[in-house]
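Below are the structure tokens for one structure; questions will follow.
The values are calculated or read from the model by the stated rules, or taken from the named source; none is laboratory data. This is a predicted model, so every value here is computed, not measured. Every residue, glycine as well, gets a Cβ built from its backbone with ideal geometry; the counts of neighbours run over all protein chains shown. We work out accessible area using only protein heavy atoms, side chains counted, and drop any ligands, DNA or RNA first. Shrake-Rupley method; radii C 1.70, N 1.55, O 1.52, S 1.80 Å.
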Amino acid sequence: MDKKCICEETQRYFLGRAFDRLNLKEAQRTLLLSSFRETRVTVPVTLHHNGEDTLHTFQGYRVQHNHARGPFKGGLRFHPDVNMGEIRALAQLMTWKTALVDIPFGGAKGGVAVDPQQLNDTELEALSRRFCQKMAPIIGVHDDIPAPDIGTNPQVMAWMMDEYSKSHGYQTAIVTGKPMELGGSAGRLEATGHGVAHLAHKAAQGMALAPEQSRVVIQGFGNVGSHAAIALANKGYKVIALSDVNGGVVNEAGISIDHALAHITENGTLTGLPGTAPISNADLLELPCEILVPAALEATITCDNADAIQAKLIVEAANMPITHRADGQLVQRGVVIVPDLLANVGGVLASYYEWVQNLQQFPWDRETVLGRLESRLSRTYDAVAILANERKIDLRCAAYELAIRRVEQAVRLRGF
Ligand code: GLU
């Protein structure tokens with residue numbers, strides 16, 4: 001089954017289960033499942049290959065799922081597998097994330113089906129600007145605020161902010177995750193990984209897993225995985241394995257994150273990191289460890305490998321890394337899972353802080369951003385854990401219940 005079906009199926013399953021528990025009527029379910037608007041655009045860009053200029057037409061998407069609680073909010077992904085089904089499922093997930101952490105936003109997601117590694121900077125800039133032009137009619141500072149996701153970064157946000165500002169006046173708040181020089185927030189770059197580590201630590205404490213005795217395996221060493229690794233190592237956890245798209249590296253005695261970062265800067269990959277043995281991305285997931293952090297793409301843990309996972313705690317740094325069937329198998333075995341809508345919510349929470357700072361034209365320092373981030377994440381985690389405990393349900397069920405209840409109330413009060 002292709003990834004788009006897995007994402008949509010997984011999202012539908014988790015929602016259906018929560019809808020049942022909340023006793024929602026068919027009409028409410030249909031409304032909560034439906035996208036407000038699904039936009040598909042063509043993004044023509046001239047690429048220079050083998051001394052020749054060729055026009056390529058890429059497909060771009062923006063799904064605006066629900067805005068009952070505030071403007072649409074969510075990232076933009078540049079990845080070859082991007083398609084409407086995947087973006088739709090991820091847009092829905094953003095609605096539940098913003099509701100769970102109780103910030104005044106709805107949910108959206110977008111992207112372009114492209115491999116950004118194949119483009120040079122000039123081509124990437126052209127693609128980002130052209131995509132922004134195509135989206136301009138449906139985004140807005142109080143309508144829909146994009147942000148980075150897989151394959152995009154602060155530079156892409158800067159090009160988009162500039163492109164939008166050409167026709168709307170200087171608009172920093174149109175995107176979040178910008179460079180600091182253009183109204184980006186201190187702490188935004190590391191916020192998602194920092195939040196993942198903070199929540200992993202809270203969950204580990206609840207399971208009486210001491211940092212020094214807890215081996216951590218992290219799949220994916222992009223922005224989220226690397227900052228989660230740094231923050232977990234700073235808390236005293238032993239990171240024994242890491243991976244990127246080229247494969248993984250393992251050392252039972254622990255890996256220095258500083259060395260891993262220096263190696264990546266020098267070589268562009270983790271492969272060959274001195275003092276480590278190579279391991280495939282698939283085998284890495286099955287290593288004996290206490291904490292597993294999937295921080296790569298969706299559906300990396302499926303029925304095929306769920307039973308081989310040895311971690312006691314899984315913290316979903318990526319969006320939808322576990323399919324619903326694999327989730328069932330893991331929960332049945334007593335594995336604790338901090339679900340995506342909670343585990344990686346630090347990203348959009350810091351985006352909210354960035355937006356607030358932009359609207360007020362009043363920047364906060366890093367300590368303020370990360371301090372507010374940590375205290376709100378702790379409160380959110382506690383609310384989810386208390387509900388899970390009271391109802392004897394897992395953290396994912398509890399998180400979905402809390403989030404859906406908030407969105408459903410807003411939808412009802414607004415009279416959608
Ligand atoms: N792309 C991130 C996510 O999936 C952040 C979205 C945002 O900041 O709007 O949560």
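Restricting to the range 124-147, give me the number of residues that are touching a Pro at 6+ places or on another chain (Cβ under 9 Å) and more than 16 Å from the ligand (Cβ to nearest atom). Before you say what the answer is, go through the steps one by one.
The first filter runs over the range 124-147 and keeps only residues touching a Pro at 6+ places or on another chain (Cβ under 9 Å), leaving 124, 127, 130, 132, 135, 139-145.
Cutting the leftovers down to more than 16 Å from the ligand (Cβ to nearest atom) gives us 124, 127, 130.
Going through the range 124-147 one residue at a time, the tally reaches 3.
Could you go through the range 287-296 and let me know if any residue there is open to solvent by 10 Å² or more (accessible area, probe 1.4 Å), closer than 20 Å to Ser226 by Cα and within 16 Å of the ligand (Cβ to nearest atom).
First, the residues of the range 287-296 that are open to solvent by 10 Å² or more (accessible area, probe 1.4 Å): 287-288, 290, 295-296.
Still in the running and closer than 20 Å to Ser226 by Cα: 287, 290, 295-296.
This time we only want the ones that are within 16 Å of the ligand (Cβ to nearest atom), so: 295-296.
Within the range 287-296 (the criterion being open to solvent by 10 Å² or more (accessible area, probe 1.4 Å), closer than 20 Å to Ser226 by Cα and within 16 Å of the ligand (Cβ to nearest atom)), the answer is yes, since at least one residue qualifies.
How many residues, within the range 112-130, are of a type in the set (Lys, Arg) and open to solvent by 60 Å² or more (accessible area, probe 1.4 Å)? So that I can check it myself, show each step before the final result.
So the first thing to find is which residues in the range 112-130 are of a type in the set (Lys, Arg), and the list is 129-130.
Restricting the remaining residues to those that are open to solvent by 60 Å² or more (accessible area, probe 1.4 Å) gives 130.
Qualifying residue count, the range 112-130: 1.
While we're here: So, of the residues in the range 312-341 that are polar (S, T, N, Q) and more than 13 Å from the ligand (Cβ to nearest atom), which turns out to be nearest to Leu395 (Cα to Cα)?
To start, the set of residues in the range 312-341 that are polar (S, T, N, Q) comprises 319, 323, 329, 332.
From what's left, more than 13 Å from the ligand (Cβ to nearest atom): 323, 329, 332.
Numbers: Thr323: 16, Gln329: 15, Gln332: 13 Å.
Top of the filtered list is Gln332.
Another one. Please return the ranges of strands (runs of 3 or more DSSP E) entirely within the range 184-259 where 2 or more residues are farther than 25 Å from Leu395 by Cα.
On the way: elements: 215-219, 238-244, 247-250.
In the range 184-259, 238-244, 247-250 are the strands (runs of 3 or more DSSP E) which contain 2 or more residues that are farther than 25 Å from Leu395 by Cα.
Still on this structure, I have one more. Within the range 390-400, can one find any residue that is open to solvent by 30 Å² or more (accessible area, probe 1.4 Å), under 20 Å from Asp20 (Cα atoms) and part of a helix (DSSP H, G or I)?
Yes, because at least one residue in the range 390-400 is open to solvent by 30 Å² or more (accessible area, probe 1.4 Å), under 20 Å from Asp20 (Cα atoms) and part of a helix (DSSP H, G or I).
Right, another one. When only residues in the range 148-168 that are in a loop (DSSP other than H, G, I, E, B) and either open to solvent by 40 Å² or more (accessible area, probe 1.4 Å) or among the acidic types (Asp, Glu) (or both) count, which is nearest to the ligand (Cβ to nearest atom)?
In the first step, residues of the range 148-168 are kept if they are in a loop (DSSP other than H, G, I, E, B); the result is 149-153.
Filter once more, keeping what is either open to solvent by 40 Å² or more (accessible area, probe 1.4 Å) or among the acidic types (Asp, Glu) (or both): 149-150, 153.
Working: Asp149: 4, Ile150: 8, Asn153: 11 Å.
Per the stated criteria, the residue is Asp149.
When you scan the range 300-308, do you find a residue that is within 14 Å of Leu395 (Cα to Cα) and outside any strand (DSSP E or B), even just one? Give the derivation first.
Just the residues of the range 300-308 that are within 14 Å of Leu395 (Cα to Cα), to begin with: none.
Scanning the range 300-308, I find no residue that is within 14 Å of Leu395 (Cα to Cα) and outside any strand (DSSP E or B), so the answer is no.
Can you spot a residue in the range 371-384 that is among the hydroxyl-bearing types (Ser, Thr, Tyr), out of contact with any Ser or Thr (no Cβ under 6 Å at 6 or more places or on another chain), open to solvent by 10 Å² or more (accessible area, probe 1.4 Å) and over 24 Å from Ala311 (Cβ atoms)?
yes
Failed condition for Thr269, given (1) open to solvent by less than 10 Å² (accessible area, probe 1.4 Å); (2) away from the ligand (no atom under 16 Å from the Cβ); (3) not aromatic (Phe, Trp, Tyr), with all others met?
Going through the list (1) open to solvent by less than 10 Å² (accessible area, probe 1.4 Å); (2) away from the ligand (no atom under 16 Å from the Cβ); (3) not aromatic (Phe, Trp, Tyr), Thr269 breaks only (1).
Given the conditions (1) at positive phi; (2) modelled with pLDDT of 95 or more, and given that Gln64 satisfies all but one, which numbered condition is not satisfied?
That leaves (1) as the condition not met.
How do the strands (runs of 3 or more DSSP E) wholly within the range 37-99 filter down when requiring 1 or more residues that are of a type outside the set (Val, Ile, Thr), open to solvent by less than 50 Å² (accessible area, probe 1.4 Å) and more than 16 Å from the ligand (Cβ to nearest atom): which remain? It would help to see each step written out before you state the result.
Numbers: elements: 37-49, 52-66, 72-78.
Strands (runs of 3 or more DSSP E) meeting the threshold: 37-49, 52-66.
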